[in-house]
Each structure stands twice: as structure tokens, then as C-alpha cells.
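This report concerns only the one structure given below.
The values are calculated or read from the model by the stated rules, or taken from the named source; none is laboratory data. Worth saying up front: this structure is predicted, and the values here are computed from it rather than measured. For neighbour counting, all protein chains shown are included, and Cβ atoms are generated from backbone atoms with ideal geometry for every residue, glycine included.
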């Protein structure tokens, strides 16, 4: 049997049978399929088969050494080989070739679960469009005409699948573009709503009476709620498209827990809830995405506060689990509880437990679904225990190997969150800030807020003007919007960084996009920091102070 019998070249053969390998009479490798070579690189040309694989004997449940005699006398022709260096098992069909004597094995990984595929770092595209064992038997038992027809059928299916994959890729790119555009279109006006609300509340445009101040706070609260819904939708879309990437760092868990509790403190105080933090060890560090971990905890704490009646209690507790080498976060409440039937669909997206509950308690049903997906991205899990009328306990598990120091937990102390004091902004001088933004409302809002807080401000409405004004006025710091006409913010940053005179001016990129990779593009262009709109004004000012040289801070 030669390649001419198959009427395909070696490259085509490797694509049709990505897990094949060819042996000489001494059981040494002459050729391997492309995917097999990728997932088992040690198994290469010149290596001996028995150094990497052994025959798994179903009848005796033992591994056997592979020999030409053993191959020749097998009645079934079906082999199961187990790798000695990895978790790979192959189910193969053997064909004995003559002149010279060689042994051709065709097959595929013997996997039965998605977890096995993931363990081997396999994707569906790695597999041929057919069962190689069945196809080979058909090819060797029919005449040349049927062989050609069979190959044509496979080629047609391959072509159709390629077209389908190309169309799917186009649709996914369109979806990403839509998400990016939608993110920008939603966040841009929302940035103005929140920015103006914050400026009005701080008296930038003059003093207000009590009723006006209350209305402004309501506007700001509604805007922040809308922002959280937008963020949840975008995060779910990014996770579904495989675009969500964690930014892992060594995070202090007490800081994470305290920050998460601060974000729900206002809600808890309105209902007179007792909000507490209990930690076995307050010095625990965990390798995790700090922002996403806070997002998980805030979602769980917000739900606990929302479903706990006035005067109740909500507790965030952390504990190191020795058996699973994981850090456990438990959010306990004395709320309304969840029925056993409802627990089964609790983490499904867009799901409210029932119509009565949906009318009484606001929400989209996105939060818990996002919590589960973010936990799984960390390699963790979320479980829940609940009893009607007595409350619920959600437990988040995040793997954390290497935290031996956390095993020796100190005294378990309950710390009341109301004791935490906010971080104060350091005083500064009045440096000159260039604000570049093509949206007039955002430009005015940011500029007014900075001037009211004793900053000097100059404005630019596109990238070209921003570069020109930076060279004319040499500002102490630049706030650069990214999507602008004439020249976008990224190109403007690159132009400034290319000039030695302005290469060290601190630049903060401000963008309404929230798609993965946006931060990286801004930082690669030369930005010192990145903020996604809507921008929290106090946070922005804090970052500005941190970037300015000490001699420019007042």
C-alpha cells in the first residue's frame, strides 16, 4: 500500500488522520500526525514506540510491550495504547505494510469526557471529520473508484466545515465589534450623567437645597445601578466568547473583603443590618484577579443585603480549607431563604426565582450566573445552603496552593465594617491638566470638576489638537479619551511619547470601551494608567495625584 492508493499527499494524510504514526520493523517511529506530535512532542521520529506507549490489554487489565509478532497475531486489529509520559490513551487500527515491512496505526484519543480533552489540551478542530478506524476499513476493502468517492466525500465535508468555520469566525468578530460599539455608546452618556451628578452633589455649580440634593443622589444611584447592569451583560458576553482573561496578582484578602463590604455598606445601613467580617487570618495573601474577586463578593453581599429583612445580619467569613488547599469565603445572612426546587436553577442567567419574588425584589438574574462563571475561571466553585425563613449561606472556594502560613490562623475576630475609615486624597498644588475628549458634555463635566478642586485645565477636542496643545503648554498631566476624530487617543499618545520633551508626561487613558485587550492597547501605546468610563471623579483625582511628581503635589 502506497500513498498513491490513498490518492493524497503526506500533508493531506496528516490532516485526515491527525493521530496516525508509522513504525519500521524495529518499532521505531518514521512519521507522526500533526496533532499527535503537538500533544506528545517526545514521541518523535527515531524514538522507539515502547519508550512512550504500552499496549493496554482489556482481557487481563495489564500493560504489554508492543512487538511486531503481537501486532501480527491480534485478531481484532484494534489497539489501545497508553502513554507512559502523559494522560494520553489512543484507540488505534493497525495496518501491516510490506516492501519494506512497516506498521501504520490510525486512530484518535480515547477520551470520554470534556475534562479529559481539556487535560490533554485538545479542541474539537484537532479531531478528523470521521472515525479513522471505520473509514480505513472501508478504504482497504473497496475498489479504487469507491476509494476516490470516499475521499471526495471527506473533502466535500471538509470544505463545507471550513466555510461554516469561516462564517462562524465572521459572526464572532461582528459580535465583538457590536459589544465594543455598544459599550461605548452606553457608557459615553452614562459618564456624563454620573459625572454631572457628582459635580452637582459637591457644589461645583453652586449650593442646592435638601430636596435638590436628594434628587441628585437618586439620579447618581440610578446611574450606578445602570452601569452595573451594563457591566454584568458585557462580562457575561465576554466569558461566553472566551474573551475574559484574569489579571492574577498576589492580593491581600483582608483588603479585598473590607473593600467589598464598603461597597454594600450604604445598602445595609438603610435596612439597619449588622454587617460584619470574620477572618481566621487577616494576613492571608491569595493569587487571584483582585477586581474580579471583589466583583464576586459584592454580588453575593448585595444579594444577602437585598433579601435580608430590616434589623437582620450579614456576615462575610473567610477560612482556609486544608483538605482542598482552598480559601473559602462564606456569605451568611438571616434572610428569606431559598426553596430546594429553586436552588437547582439559582445560577442560570436571566433567571428570577418566581414571579412573586421578581416583583418584590428588583434584579435581572445576571449576578449569580456571573459569580459562578468568574469563580470557575479562577478554578473554583460556588455552593449554597439555605432554609426558608432562616437565611442562606453562599460559599465561594478559590484554590490557593502555597498558603501554608495561612494554616496557622490566629484569633478569629469579628470586625464591624462601620469602623473602616475611607482613604483621604492627599493635598496637591495646582498643576496644569490637558483634558482631551470629543464629547462636549464629558469635556465640560471633567473640566468643571477639576477646576472646582483647584486644578488648572486646558481642553482639546481631538487627537491632533491634543498633541498640538501638549507641545504648546507642556501640561503636568494629560487625560486622553481614546475614540476621537482626526487622530484617535492611541495615536496621540504615540506621537507624544515619540518626542523626548513630552515622553515622561503622565497620561491617563479614558475610554468607553470595556472589551478585553483595551487596557493592553492603551498601555502599549504609552499610557501610564487606564480608566473605563463612566469615570469615578474621586478615583480619577486620586490616580492623578499618584502619577504627578512629589514637587507638583500640594
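General observations
- Matching residues in the stretch 437-451 - criterion: being touching a residue at least 24 places away in the same chain (Cβ under 8 Å), within 33 Å of the chain's Cα centre (by Cα) and assigned to a helix (DSSP H, G or I): 441, 442, 445, 446
- Residue check, residue 23 modelled with pLDDT of 80 or more, over 44 Å from the mean Cα position of the chain (by Cα) and under 29 Å from residue 151 (Cα atoms): no
- Subset of the stretch 262-289 (residues that are in a loop (DSSP other than H, G, I, E, B) and buried (at least 16 other Cβ atoms within 10 Å of the Cβ)): 273, 280, 281, 282, 284, 289
- Residue 508 being in a strand (DSSP E or B) and modelled with pLDDT of 90 or more: yes
- Test result for residue 35, buried (at least 16 other Cβ atoms within 10 Å of the Cβ) and assigned to a helix (DSSP H, G or I): yes
- Matching residues, the stretch 515-525, being modelled with pLDDT of 85 or more and surrounded by 18 or more Cβ atoms within 10 Å (Cβ to Cβ): 522, 525
- Here residue 467 passes the criteria (1) in a helix (DSSP H, G or I); (2) at pLDDT below 90 except the one numbered (2).
- Verdict on residue 208 being at pLDDT 70 or above and assigned by TED's automatic domain parsing to the domain that holds residue 279: no
- If you check 518, 488, 499 for being under 28 Å from the mean Cα position of the chain (by Cα) and more than 20 Å from residue 247 (Cβ to Cβ), only one passes: 488.
- One residue from 476, 512 being crowded, with 17+ Cβ neighbours inside 10 Å, touching a residue at least 24 places away in the same chain (Cβ under 8 Å) and over 34 Å from the mean Cα position of the chain (by Cα): 476
- Contacts under 8 angstrom Cβ, first residue in the stretch 202-231 being farther than 22 Å from residue 446 by Cβ, partner at pLDDT below 80 and outside any helix (DSSP H, G or I), 6 or more apart: 229/364; 229/366
- Residues of the stretch 526-554 satisfying the condition of being at pLDDT below 85 and in a helix (DSSP H, G or I): 550, 551, 552
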